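Remarks on the structure that follows.
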Amino acid sequence: MKIYADRFPIAVRQLLTDLLVVAWVYASIRFAMWLHDLIEKLAVPGQKLEGAGGGLADNLAEAGGKVGRVPIVGDELTAPFRQAAEAAQAVAEAGRDQQELVGQLAFALTVAVLVFPLGLVLLGWLPLRVRWVRRASAAAALRSAPAGRDLLALRALANQPLRRLNRVDPDVVEAWRRGDEAIVDALATLELRGLGLRPHR
């Protein structure tokens, strides 16, 4: 399998592009994680609210339990403590809800931030890279076989720009039909060079 071209300038360009893509993905993920952590800090007030409300609710419930033991008026005195404990519990619930909302927002924004850079890689760069690897691997396997040279020449006739074909021979198709070895080699070389491969057998 050919991962990089044989020809130095193309191989360097591919390597630099791959490194840039890796750096791009890494930077995107790091930025998304930083953004997630930054947004999660908005949940701190909710955590404090939950802790304060829960603690206050427990203290009021405990105080109400002690007051409830007072003879005769204990039940009447317990009601305000119970209502205050319920209100404090509602404050704690609000704190929990705020933390949950912040967590959902942090997750949604993290995904949204990653969609564009990873989409460019997965839908733009990766298909082109895989396509080149497959074509170059197939061409590299064909270049050492005599019949493979013919196939590469035929592929050059189908894919290469007309001006390049004309440079090989003004009547390149006729020469290829005659089986002119020099023309077949020239066409195969043209196709291989277009992929960044050396034309050696």
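The values are calculated or read from the model by the stated rules, or taken from the named source; none is laboratory data. Remember, it's a predicted structure, so these values are computed and weren't measured experimentally. Cβ atoms come from the backbone with ideal geometry, glycine included; neighbour counts cover every protein chain shown.
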Exercise. Does Leu165 satisfy the criteria of being over 30 Å from Leu38 (Cβ atoms) and either part of a helix (DSSP H, G or I) or outside the structural domain of Val12 (by TED's automatic domain parsing) (or both)?
Worked result: yes
Seminar exercise, completed: Selection from the stretch 20-59 of residues crowded, with 17+ Cβ neighbours inside 10 Å and in contact with a Pro (Cβ under 8 Å, 6 or more places away or on another chain) yields Val25, Ser28
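Here is a yes/no grid of residues against (1) closer than 30 Å to Lys2 by Cα; (2) surrounded by fewer than 17 Cβ atoms within 10 Å (Cβ to Cβ):
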position	(1), (2)
Ala94	no, yes
Gly103	no, yes
Leu109	no, yes
Pro127	yes, yes
Arg149	yes, no
Asn166	yes, yes
Val172	yes, no
Arg177	no, yes
Exercise. Only one residue in Ala57, Ala90, Ala63 is at pLDDT 80 or above and either at negative phi or not acidic (Asp, Glu) (or both), so which one is that?
Worked result: Ala90
For this session: Output the qualifying pairs, or none if there are none: Cβ atoms under 8 angstrom, residues six or more apart or on different chains, first residue in the stretch 97-120 and more than 11 Å from Glu40 (Cα to Cα) and in a helix (DSSP H, G or I), second residue modelled with pLDDT of 90 or more and hydroxyl-bearing (Ser, Thr, Tyr).
Result: Val113/Ser28; Leu114/Ser28; Pro117/Ser28; Leu118/Ser28
Exercise. Pairs, please: C-beta under 9 Å, at least 6 apart or cross-chain, first residue closer than 12 Å to Arg129 by Cβ and in the stretch 6-22, second part of a helix (DSSP H, G or I) and among the basic types (Lys, Arg)?
Worked result: Gln14/Arg129; Thr17/Arg129; Asp18/Arg129; Val21/Arg129
